[in-house]
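> The structure under discussion is supplied below as structure tokens; questions concerning it will follow.
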Amino acid sequence: MSRDPVPPTQELHMERRIQSHPILSSHGPERVRFFFGEQEVHGRPGEAISSALYANGITVFGRHHKDGAAQGIYCVNGQCSQCLVLADGRPVKSCMVPVREGLRVTPVDGAPPLPAEDSPASFSDTWAQRAQVLIIGGGPAGICAAEELGRAGADVLLVDDKDELGGKLSLQTHPFFGSVRACHAGTRGIDLATILARDLPALPNVRVWLGATAVGVYRDGLVGIVQHGRYLLVRPQMLLVAAGAREKSLYFPGCDLPGVYGAGAFQTLVNRDLVRAADRLFVIGGGNVGLIAGYHALQAGIRVVGLVEALPKVGGYKVHLDKLRRLGVPVWTSHTALRVEGVERAERITIAGVDEGFSPIPGTERSFEVDSVLIAVGLAPVNELAAKARQLGIPTFEAGDAAEIAEASAAIFSGRIAGRRMAARLGLGGAVPPAWSTTAEVLRSRPGDELPFIAKDPGLSVYPLIRCVQEIPCNPCTDVCPVGSISIADGSITSQPTFAGRCLGCGRCVAICPGLAINLVVQDYDPARELAALVLPWELDDRTFGRPGDVVSTVDMEGLPVGEGRVLAVREREDQDRRRLLLLEVPWEDRLDVAGFTVPIAGGEALDGVAPPGEEDPIVCRCERVRRSEIVAAIREGIRDINVLKAVARPTMGGCGGKTCGELVMRIFREEGVDLDEVTPGTVRPLVAEVPAGVLAGLAPGEGEEQ
Amino acid sequence: MSGYDAIVIGAGSVGLPAAMFLGERGLRVLVLEALAAPGQGQHKSAIGGVRATHSDPAKIRLCRDSLELFRTWKERHGFDVGYKPGGYVFPVYERAHEQTLRGLLATQKSHGLHIDWVDADSMAELVPGIQREGLRGGTYSPNDAQVSPLLAAEGYRRVAVSNGVKLRYRCPVTGIRVAGGKVRGVDTPEGRFDAPMVLNAAGAKARQVGALTGLVVPVTPDSHEAGISAPMERFLDPLVVDIRPGPEGKTANFYFGQNKEGQIIFCYTPAALIEGEDRESTSEFLPVVTRRMIALVPRLRNMLVRRVWRGLYPMTPDGVAIVDRAPEPEGLFLAVGMCGQGFMMGPGVGRAVAALMVEGELPLPPEVVAMLRFDRDFFAGKTEALK
């Protein structure tokens, strides 16, 4: 097989950068020059190699040593091992290592060679450090736990594998739900980390290590941590795992093509690094992550061709669904992705309707041209270190998504509660206020029932329509109304807010609603009552969409077409926190129905005919390139012990250690009719991430290595 | 329940090949394994090195047989057990070690081992990047090899099954039935199984199984840690053993090789025995073993370490296995105390013990048989030159 190290289809063009974004400020003009193979490319100082490569249009980072398959990004979170490259000759996960001036990045073509660095080595000793509490993960839960423990006087070490605190908050351009008082609802995720962490520096007994990955918990009670090329051992008296969640995976033919990757990976590229990662996106999965990722794409000016959800109803908040549908993105429920195909990267997706048993319905297939497909089929707790620590007898707590998948608002409380509990266990006093547990419970609650929405004209000259019809924990609208006209009857934050009384038309409720579910109707706009004006929340780039004078196709709250409207004005104010309020003129009779309008970058025509199938046996284990048929064959041979399956077919044996395919393998057992009680789980051992031997050995960093 | 001709206790490094060979001889064989699948005890903790390079003639003989079996496995059974030729090297930096190793060559060769002393240049070719300063050369035994223990367990199972062997998992033996001085069968939570012959091939649990008939089997588990890297381009053919004790005072020797998957697999022998059945990795292992490896082959600094584990060496007091019939009852056999070399000796021991059970004699020279006897003096004071 003759192969090019860089496929010829991979044209290098600079500046796949997001130049204009409604929420995020563009990065500075600084550039570093580095090399990909022989090509000179540029990146932003400090950004991950993977992001810099994507920003240069490079999506194929190497070729798998087993079959030469093109490899690219997948998780962009240090969890999988798909994005391996050689950085100055050394194998690294490109999503975890920053670019720097002059860096030589080489695509990994097959198994990476070991560079012939044969000069004698010298080592420096490391001693185990002590900490009363080691917190793994500096997202909302870890930060809040550290603060509670710190205030109680505990000696705390907080470690996080990224270079800033906040975890996945840095990807969340949208305002959070929840309660204003308890968890800063209405604040954007990107701003929340700073707010949450602002008190940590004042606590001298809380140490924070950034860029520090916990890689193993050992029999002797020590935790191994890798930070910037150093290996450190910490002996905690107690451990809190607040490491968040990783994205669940999915297999289908073509799932392993570059361009098919996690929704969180996409958000990282787009929102953290402002890389225009795609031009035509498709989303698989209608949970909050998938819905929000689709919305984030539109914010970045990226076309969203569509979204499929296998269940009859999306699992995410209805307000997120409606936001997407109103902009014109088709959301197909009871649909599945049959396959993605293309040469060296995703080029087409074929979807189909599914029956009640989730089997595709023949004749319903449709294909679309895409360049990227996001997998957004849920999150799984990152809890393997907690499980091991507990097994080894280390007092261990979990908080945030590592304990239970929920919103960031819930993670804040979960962290605070864990912090207080641990402080109490350490004899530092402090109890969990009973109200906290109740609040945490509420914030964790799943979206509830949907009530029908009937828009009513109260006969006022101006009034809000609150299209919040699903029980979710959220109340900012009730806090901002200057005349107190919006309230939640039963006082619980999950029930629906209602409007009664006066409306000043100030638009604060429109500006604050995290779900973008409130608009104003201005009925005295046209005394003749032929026209009305609406005040709509707008979070797309108003330099491109929704400019004054634009005639737009209006839709109702769920995205069904209504008619036409005309944008009259855009209001942008400091207190609206980067949200624009649009004044839209609509026919009088449409005023109660119109809740938004479509944009031309939503949806896409289906291709004529259905794209022909290619290799139909999907890759399940990406690291070891194990196909579904190989796992099925082993199961049918009678294998019921994952350890034996690993030995025979090698799933979970790769760099990620089964973090990506472990659940998929169990699903195949179920599909084969095997009772999972009969299946012996695989043994979990350190390390949870690969570490260079030189780092473990305490090798003094050599020339050219990151200092 | 219908009877068997032989029951093998333990589906590990020794029990599996023993059952396979007993089945090949036409016996009705039942293997009883306490764990959920074959090779899930200490077998899978082996790093997969198979060498006939020993100082002890018994081991040389048994491992030569193992090597031949693994080498021809694929052509005979159509299943790849991850066999990778490449030999073993023992690089030498100290005069005393050169004398010791050179001194063994005659005995080793007399037992059919293909081994020679190679000079420093040849050693540096065999181990690219090896530290040249002070390198005196070393021994090279090209017919030694590496095999995947994970695949070998499956290979044994398949051949055993095709030989008519029955295997039961999650089925620990709770008693050995004896009547009139003869073995009659075993008890398990699933009931009783009858057979006139029972083989104790219980590895790290050999002592406990021995106790079922009141026999004191002098086997004590001692734990060793090991690790494996991410795959890399093939650069190292032989498995490398550095017999120098480590300057850190914790390692007696260490060894590593690149397996067929391209992964470096590595281990050290602790300076002092670590008795017990603990199989959880310690924080000490990785810093110690990586320093030793990088000191010997500096380019290994960039190898990505993927996973570590810890397995048990079923040790006898003199470091040599017991392959013999038990003094009583009649029909009870022992193939235990492999001292951490069960994987490499397994096929040879399995074949030998099958012969003992069927023909009444080990197919080995008398001096070798004597070394493997149950009633030998375990404390005669002889130590093995090459462990």
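> Would you work out the charge dipole size for chain A about its Cα centre, treating the Cβ of every Lys and Arg as +1 and the Cβ of every Asp and Glu as -1, and quote it to the nearest 20 debye?
Values: 72 positive and 87 negative charges, 314 e Å.
Dipole size: approximately 1500 debye.
> Starting from the amide H of residue A:245, placed 1.01 Å from N in the peptide plane, find each other amide H under 5 Å away whose residue is 5 or more places distant or on another chain.
Result for residue A:245 returns A:382.
> Let me ask another. List every residue whose amide H lies under 5 Å from the amide H of residue A:407, counting only residues 5 or more places away in sequence or on a different chain, with H placed 1.01 Å from N in the peptide plane.
For residue A:407, no residues qualify.
> Calculate for the protein assembly as shown the 222 nm mean residue ellipticity that helices alone would give, adding -39,500 (n - 2.57) per DSSP H run of length 4 or more and normalising by residue count, nearest 500 deg cm²/dmol.
Computed ellipticity for the protein assembly as shown at 222 nm equals -6500 deg cm²/dmol.
> Let me ask something else. Of the listed pairs A:66/B:59; B:59/B:205; A:388/A:646; A:66/A:659; A:248/B:260, which have alpha-carbon separations greater than 25 Å here?
On the way: A:66/B:59 36 Å; B:59/B:205 22 Å; A:388/A:646 20 Å; A:66/A:659 20 Å; A:248/B:260 31 Å.
Over 25 Å Cα-Cα: A:66/B:59; A:248/B:260.
> Using only the C-alpha atoms of the range A:189-323, find the volume of their convex hull and express it per residue in Å³. Please list the in-between numbers first.
Numbers: hull volume 25.8 nm³, N = 135.
Considering the Cα atoms of the range A:189-323, their hull volume per residue is 191 Å³.
> Expressed as a rounded percentage, what relative contact order does the range A:462-597 have, with Cα pairs under 8 Å and six or more residues apart?
22
> Please list, short to long, the whole-number percent of alpha-carbon pairs of the range B:18-62 in consecutive 10 angstrom bins beginning at zero.
That works out to 21, 29, 42, 8, in percent per bin.
> Only counting other Cβ atoms within 10 Å, I'd like A:136, B:243 sorted with the fewest neighbours first.
Working: A:136 30, B:243 21.
Lowest to highest Cβ neighbour count: B:243, A:136.
> Moving on. Report the calculated FRET efficiency for residue B:95 and residue A:35 (r = Cβ-Cβ distance, R0 = 56 Å), to the nearest 0.05. Don't jump to the answer; show the numbers that get you there.
On the way: r = 48 Å, r/R0 = 0.87.
The calculated FRET efficiency here is 0.70.
> Enumerate the residues in the range A:144-177 having an amide nitrogen under 12 Å from the point lying 7 Å beyond the Cα of residue A:130 toward its Cβ.
A:155
> Per residue of A:214-224, how many C-beta atoms from partner chains lie within 10 Å of its own C-beta, taken as a mean? If you can, show how the numbers build up before the last one.
Details: counts 0, 2, 5, 3, 8, 10, 5, 2, 3, 1, 4.
Across A:214-224, the average partner-chain Cβ count within 10 Å equals 4.
> Which ³J(HN,Hα) values in Hz, rounded to whole numbers, follow from the phi angles of the range B:105-122 under the Karplus curve 6.51 cos²θ - 1.76 cosθ + 1.60, where θ = phi - 60° and Gly and Pro get x?
4, 4, 4, 4, 5, 5, 9, x, 7, 8, 8, 8, 7, 10, 7, 4, 4, 5
> Kindly work out what percent of the DSSP beta bridges joining two residues of the protein assembly as shown are antiparallel, to the nearest 5.
Numbers: 129 of 186 bridges.
Restricted to the protein assembly as shown, the bridges split so that about 70 percent are antiparallel.
> Right, next: In debye, nearest 20: dipole of chain B around its Cα centre with unit charges on the Cβ of K, R (+) and D, E (-)? Walk me through the numbers before you get to the answer.
Numbers: 45 positive and 42 negative charges, 127 e Å.
Value, rounded to 20: 620 debye.
> Taking the Cα-to-Cβ direction at residue A:553 and at residue A:313 and moving 7 Å from each Cα, how far apart do the two end points lie in nm?
Rounded to a tenth, the inter-label distance reads 2.8 nm.
> Turning to a different aspect of this structure: Counting every Cα pair in the range B:156-273, what percent are over 26 Å apart? Before the final figure, lay out the partial values.
On the way: 3490 of 6903 pairs.
Considering the range B:156-273, 51 percent of its Cα-Cα pairs are separated by more than 26 Å.
> Something else: Take the Cβ-Cβ distance between residue A:424 and residue A:279 as r, set R0 to 45 Å, and report the resulting FRET efficiency rounded to the nearest 0.05. Display every interim value, and only then the final one.
Values: r = 53 Å, r/R0 = 1.18.
Rounded to the nearest 0.05, the efficiency is 0.25.
> I would also like to ask the following. Return P(r) of chain B (all Cα-Cα pairs; 20 Å bins starting at 0; whole %; ordered from short to long distances).
All Cα pairs, binned at 20 Å, distribute as 30, 57, 13, 0 percent.
> Let me ask something else. Residue A:479 to residue A:119: extension gain in nm, 0.36 nm per residue of separation minus the Cα-Cα distance? Write out the running numbers ahead of the final one.
Details: separation 360, 0.36 × 360 = 129.60 nm, distance 6.61 nm.
So the chain would gain 123.0 nm between residue A:479 and residue A:119.
> With a cut-off of 19 Å, note down the residues of the range B:73-97 whose backbone N falls inside the zone around a label point 7 Å from the Cα of residue B:105 toward its beta carbon.
Zone members listed by number: B:87-97.
> Compute the normalised compactness of the protein assembly as shown: alpha-carbon radius of gyration over 2.2 N^0.38 Å, N being the residue count.
Values: Rg = 33.1 Å, N = 1094, 2.2 N^0.38 = 31.4 Å.
Compactness ratio reported: 1.05.
> Can you bin the range A:247-377 into rounded, prolate or oblate? Criterion: square roots of the alpha carbon gyration tensor eigenvalues sorted a ≥ b ≥ c, rounded for a/c under 1.5, prolate for a/b above b/c, oblate for the rest. Provide the component values of the computation, followed by the final result.
Working: a/c = 1.69, a/b = 1.17, b/c = 1.44.
Since a/c reaches 1.5 but b/c is at least a/b, the shape of the range A:247-377 is classed as oblate.
> What list of ³J(HN,Hα) couplings, whole Hz, do you get for the range B:22-37 from phi and the Karplus terms 6.51, -1.76, 1.60, once you set θ to phi - 60° and write x for glycine and proline?
5, x, 4, 7, x, 6, 7, 10, 10, 9, 10, 10, 6, 8, 7, 7
> Here's something else I'd like to know. How high is the relative contact order of the range A:1-114, given as a whole-number percent (alpha carbon pairs under 8 Å, six or more residues apart)? Mind dumping the intermediate values first?
Details: 223 pairs, mean separation 33.1, N = 114.
Averaging sequence separation for qualifying contacts and normalising by length gives 29 percent for the range A:1-114.
> Counting other beta carbons within 10 Å of each residue's own, what order do B:97, A:174 fall into, fewest first? The partial results should precede the final answer.
On the way: B:97 17, A:174 21.
Ordered from fewest to most neighbouring Cβ atoms within 10 Å, B:97, A:174 come out as B:97, A:174.
> Right, another one. Among rounded, prolate and oblate, which fits the range B:233-280 when a ≥ b ≥ c are the square roots of the eigenvalues of its C-alpha gyration tensor, a/c under 1.5 means rounded, and a/b larger than b/c means prolate? Present the calculation step by step, with values, prior to reporting the outcome.
On the way: a/c = 3.51, a/b = 1.63, b/c = 2.16.
Oblate shape, in that a/c is at least 1.5 and b/c is the bigger or equal ratio.
> Using the basic label-point model (7 angstrom from Cα toward the beta carbon), what is the residue B:216 to residue A:637 distance in nanometres?
Going by the 7 Å Cα→Cβ label model, 4.5 nm.
> From the gyration tensor of the Cα coordinates in the range A:462-597, what semi-axes in whole Å does the equivalent ellipsoid have, largest first, with each one equal to sqrt(5λ)? Intermediate results must be reported in sequence, preceding the final value.
On the way: eigenvalues 115, 52, 42 Å².
In descending order, the three semi-axes are 24, 16, 14 Å.
> A further question follows. On alpha carbon coordinates alone, what is the Rg over Rh value for the range A:325-436, Rh being the Kirkwood radius?
Numbers: Rg = 22.5 Å, Rh = 18.5 Å.
Computed over Cα atoms, the ratio is 1.21.
> Give me the Debye-computed log₁₀ of I(q)/I(0) at q = 0.14, 0.18, 0.21, 0.23 Å⁻¹ for the range A:558-677, equal point scatterers on Cα only, no solvent, two decimals.
Summing over Cα pairs of the range A:558-677 leads to -0.71, -0.93, -1.16, -1.27.
> Further, regarding this structure: Using θ = phi - 60° and the Karplus relation 6.51 cos²θ - 1.76 cosθ + 1.60, list the HN-Hα couplings for the range A:244-250 in order, rounded to whole Hz, with x at every Gly or Pro.
x, 10, 10, 6, 6, 10, 7
> Please give the FRET efficiency for residue A:359 paired with residue A:607, using the beta carbon to beta carbon distance and R0 = 25 Å, rounded to the nearest 0.05.
For residue A:359 and residue A:607, the calculated efficiency is 0.60.
> Quick check on the range A:1-114: take the gyration tensor over C-alpha atoms, sort the square-rooted eigenvalues as a ≥ b ≥ c, and tell me if it's rounded (a/c under 1.5), prolate or oblate.
Prolate is the answer for the range A:1-114, as a/c is 1.5 or above and a/b outweighs b/c.
> Now for a different question. Quick one: which residues, 5 or more positions from residue B:42 or on another chain, have an amide H under 5 Å from its amide H? H modelled 1.01 Å from N in the peptide plane, none for Pro or chain starts.
Under 5 Å from the amide H of residue B:42: B:204.
> To make sure I understand the rule: partners must be lysines, Cα under 23 Å from the Cα of residue B:250, and not fewer than 8 residues away in the same chain. Which ones qualify?
The reachable lysines, counting only those whose Cα sits under 23 Å from residue B:250, are B:387.
> Normalise the Debye intensity by I(0) for the range A:618-707, one equal point scatterer per Cα, no solvent, then take log10 at q = 0.21 Å⁻¹ and round to two decimals.
Taking Cα atoms of the range A:618-707 as identical point scatterers yields -0.94.
> Something else: Compute the relative contact order of chain A as a whole-number percentage, counting only Cα pairs closer than 8 Å that sit 6 or more residues apart in sequence.
On the way: 1705 pairs, mean separation 98.6, N = 707.
Dividing the mean separation by the residue count of chain A yields 14 percent.
> Which one of A:143, A:202, A:298 has its Cα pushed farthest toward the positive end of the charge dipole of chain A, where Lys and Arg give +1 and Asp and Glu give -1 at the Cβ?
A:202
> Taking neighbour counts of Cβ atoms within 10 Å as a proxy for exposure, in what order, fewest first, do A:541, A:617 appear? Write down the numbers at each step before the final one.
Numbers: A:541 21, A:617 12.
Exposure proxy ranking, most exposed first: A:617, A:541.
> What is the spin-label model distance, in nm, from residue A:67 to residue A:42 if the labels are put 7 Å beyond Cα along the C-beta direction?
4.0
No lab work stands behind these numbers, since they all come straight from the coordinates. Just so you know, these numbers come straight off a predicted model, no measurement behind them. Methodologically, a virtual Cβ is constructed for each residue, glycine included, from the backbone with ideal geometry; neighbour enumeration extends over all protein chains shown.
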